[in-house]
Structure formats: C-alpha cells, structure tokens
Amino acid sequence: MPSPLSLALLITGTALRQIDRLHFALRRPRTAAAAELVAHQRRRANNLTPLLLLAGQWVQIAGWWLLAAHGALAAVLSAVAVAIHFRHLQEISHAAVHGILARTARANLLYAEVFAHYPLALAPVPVRRRRHVRDHHPNAAVPGTDPNLTELHTAGLRPGVTRAAFATALVHPITPRGIRSTATTITTVLRRFPSRAAAVLALAGTAYLAGGTAGLVWGLLVPRLLLYPQLAHLSLIVEHTWFDPQVRTGSPAWVEAGRCLRLYPRSRALAALAAATWLPYGDLRHYAHSAHPGLRWNYLPALERHLAPPHFTPAGLLLGTPSVTRRHLNALTPAPADHAHEDDPALMA
C-alpha cells in the first residue's frame, strides 16, 4: 500500500510541473511562423516557472523512491517512472543548452547543472553545448562530423550490419557492452569533475534514506544505468533519417525536412504516450526543433502546423511499413540493384 507521503509527493510534483506549462500556454497561437512564436516566447520568458518545473521532477522522483519499498511491483514501477523522469530532465536541460529554458543565460546554466548534469553525472553544460549546438545541429547525419551519428555507429548501427547485430544495436544500452560503456562514461565524468561525485553520493544517500535498498537500487541505479540510457538511445534513433538523409540546401526548414522524421503523425494516442514518456518536451517534434532551435518546446506544435511535413513520417518505431527501424535497416543493408523490386513494400520505407 503506497504511503500517504509518497502519494503527496507525486501529486505535488505533478502540480509544480504544470505551472510552467500553463504559463507558456497563455495566449499561445495555435499555428504561427517562427518569428511570431519567438516574440511571444520572449514575452513569457522567466526564471521562476522553469525552476518549479525542475523541482517538480525531483519531488516526483522522491515520491517514487518512497514507493519502491512497497513490494516488487512497486519497485519495478518506480524504476520505469524514475527513468522517464531522467529522460525528462535530459530534455529540459537540452532546452537550457539552447538558452530557451529560462530568461537569463545564468539561470539556464545553473538550472541545467544543478537539476540534471550534476545528479545524473553528465559532463558540464558548456561541453554539451559545444557538442550539441556547434557540432551536431549544423552537421546532423554527416558521417565523421556529427557526434550523434558517431554514437549510433559505436552502438553498432553501421553499413553492412546483419539483422541480428542491428537488433542488438537497438537495445545497445542494456547489453553488457552498453552497460560497460555507460558505467565508463559516468566514471570518467566523476573522475574529471570530482565535484559531481559529491552530488551523486548525496543523491544515492537520499534515495536510500527514502526507500532503503529498494529505493537505491530500483529508484536510482537501475534507472540511471539501464532504463534511462535505453530511452535516450531510442529517442536518438528517431530524430533523423541518419543513414540515408536527403542532402539539401536552402532554408533551415527545407534542409531539416530532408534529414529529419516525424514519428506518429497520424496517431494522437501514440504521440501522446511518446511525448509523456520517452520523447518528452518537444523531442517528438524534433523536425520543428531542428528547423528553429531557438524555440521552446511549448511552441513547437504551433510551428509544426505552420511547416510542411518532413519527407519521412513513419507510423511506427518497430512495426509497420514504413517504420523507423525498417528504414534504417534498409539504408544500412541496401539490396543489390539487380535484385530489388520497386513493388516490394519492404523496400519502400
């Protein structure tokens, strides 16, 4: 039976998170060009509601730590929920990296470090900003230049991959090799930036005090080492047509339409589920974000309605034709031209 305190924390954290959403929803256009949305965003920018949003995530995490001690089912549920919260923290801090989470540059840096990068043992925000804003955005899906594509190659998504190796690469973070990679990355960050080790130890101690061994293991270690990396990996896979982008020149929207995709464009239920879990805070609308990185996630739906869709709008991640994974597999293992059939649905992704 969940404790009243755990339920109170879950409810309170949820309520705190809604303050930021409601603030930026006020007088928000349903559809508009980027310039109008940026102007509206600047009028609503502040440092308080993002702070409440981030605090709400951790209040809910504390509630799940308390809940984890109430049996096996509660422990597993807590592990999944905390992993989702870690994904949310990653995407909120992603907005801070772009300077669009809070009103001031100092608040963006401070919030991302304190609420995400320190407790999750991530590299300093300036390092992430350089890697993401300077290296990835202008060079998305460019081999040898885009660090995100290099990350996918390291996971095993490379030209000529076998079907078995491709399937393994999709779940790379929860394979022994992937777990070692995650642990090595965390260890390297803590060794290079010792102040983050104190934050991680404090977080582990708090999880243990809240939920005992179950809180520490299922509320922190399993989410951080296994589930959150897997969710982040899947989110990366569905951001771009990594292995067969259409190379274009022209406006940012036109360029990004050739190398981005939009998952679940015709299913509100699946889109809502993805946005609430593994593709939160605008990550489902990565195409709109790539076209205008200076726009907060609250305004991406309005911008998306204003833009022509990208050239690839898959209905599913794993199933169906076309699906994201089918397209990636076909791009990495193209059929010989003399054996390909234009009417084969497996080749039409």
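Applying the criterion of being of a type in the set (Val, Ile, Thr) and not in a helix (DSSP H, G or I) to the residues of the range 293-325, the residue that is farthest from the chain's Cα centre (by Cα) is THR321.
Return yes when TRP64 is buried (at least 23 other Cβ atoms within 10 Å of the Cβ), of a type in the set (Phe, Trp, Tyr) and assigned to a helix (DSSP H, G or I) and no when it is not. Answer is yes for this residue. Scanning the range 204-213 for residues that are surrounded by fewer than 23 Cβ atoms within 10 Å (Cβ to Cβ) and in contact with a helix residue (DSSP H, G or I) (Cβ under 7 Å, 6 or more places away or on another chain) gives ALA204, TYR208.
Taken over the range 237-254, the criterion of being part of a helix (DSSP H, G or I), touching a residue at least 40 places away in the same chain (Cβ under 8 Å) and either in contact with a helix residue (DSSP H, G or I) (Cβ under 6 Å, 6 or more places away or on another chain) or farther than 20 Å from THR175 by Cα (or both) is satisfied by PRO252, ALA253. So for the range 326-334 (the condition being surrounded by 15 or more Cβ atoms within 10 Å (Cβ to Cβ), at pLDDT 95 or above and assigned to a loop (DSSP other than H, G, I, E, B)), does at least one residue qualify? Checked the range 326-334: no residue is surrounded by 15 or more Cβ atoms within 10 Å (Cβ to Cβ), at pLDDT 95 or above and assigned to a loop (DSSP other than H, G, I, E, B).
Within the range 117-172, the residues that satisfy the criterion of being assigned to a helix (DSSP H, G or I), aliphatic (A, V, I, L, M) and more than 23 Å from ARG248 (Cα to Cα) are VAL125, VAL127, ALA155, ALA164, ALA165, ALA167, ALA169, LEU170. Just to verify a result, which residue in the range 102-118, among those that are in contact with a helix residue (DSSP H, G or I) (Cβ under 8 Å, 6 or more places away or on another chain) and hydroxyl-bearing (Ser, Thr, Tyr), is surrounded by the fewest Cβ atoms within 10 Å (Cβ to Cβ)? This residue is TYR118. Return the residue satisfying two criteria in turn: it lies in the range 15-30 and is within 23 Å of the chain's Cα centre (by Cα) and among the basic types (Lys, Arg), and of such residues it is farthest from LEU300 (Cα to Cα). My answer is ARG17.
Where residues in the range 220-249 are among the polar types (S, T, N, Q) and surrounded by fewer than 18 Cβ atoms within 10 Å (Cβ to Cβ), which of them is farthest from the chain's Cα centre (by Cα)? Among those that are among the polar types (S, T, N, Q) and surrounded by fewer than 18 Cβ atoms within 10 Å (Cβ to Cβ), it is THR249. Across the range 1-25, the qualifying residues are those that are of a type in the set (S, T, N, Q) and assigned to a helix (DSSP H, G or I), and the one among them that is farthest from ALA75 (Cα to Cα) is GLN18. Of all residues in the range 31-61, those that are surrounded by fewer than 16 Cβ atoms within 10 Å (Cβ to Cβ) and among the polar types (S, T, N, Q) total 3. The lone criterion from (1) surrounded by fewer than 16 Cβ atoms within 10 Å (Cβ to Cβ); (2) not in a loop (DSSP other than H, G, I, E, B) left unmet by ARG28 is number (2). Being more than 23 Å from ALA275 (Cα to Cα) and in a helix (DSSP H, G or I) is a description that does not apply to ARG87.
Scoring ALA198 on the criteria (1) among the aliphatic types (A, V, I, L, M); (2) outside any loop (DSSP other than H, G, I, E, B); (3) in contact with a strand residue (DSSP E or B) (Cβ under 6 Å, 6 or more places away or on another chain) leaves a single failure, condition (3).
Screening HIS132 on (1) surrounded by 19 or more Cβ atoms within 10 Å (Cβ to Cβ); (2) of a type outside the set (A, V, I, L, M, F, W, C); (3) within 17 Å of ALA232 (Cα to Cα) shows it passes everything except condition (1). Only one entry in ALA232, ALA140 is in contact with a strand residue (DSSP E or B) (Cβ under 6 Å, 6 or more places away or on another chain), of a type in the set (Gly, Ala, Ser), in contact (Cβ under 8 Å) with a residue 24 or more places away in the chain and at negative phi, namely ALA140.
The values are calculated or read from the model by the stated rules, or taken from the named source; none is laboratory data. This one's a predicted model, so the numbers in the text were calculated from it and none came from an experiment. Positions of Cβ are generated from backbone atoms using ideal geometry, with glycine treated the same way; all protein chains shown enter the neighbour counts.
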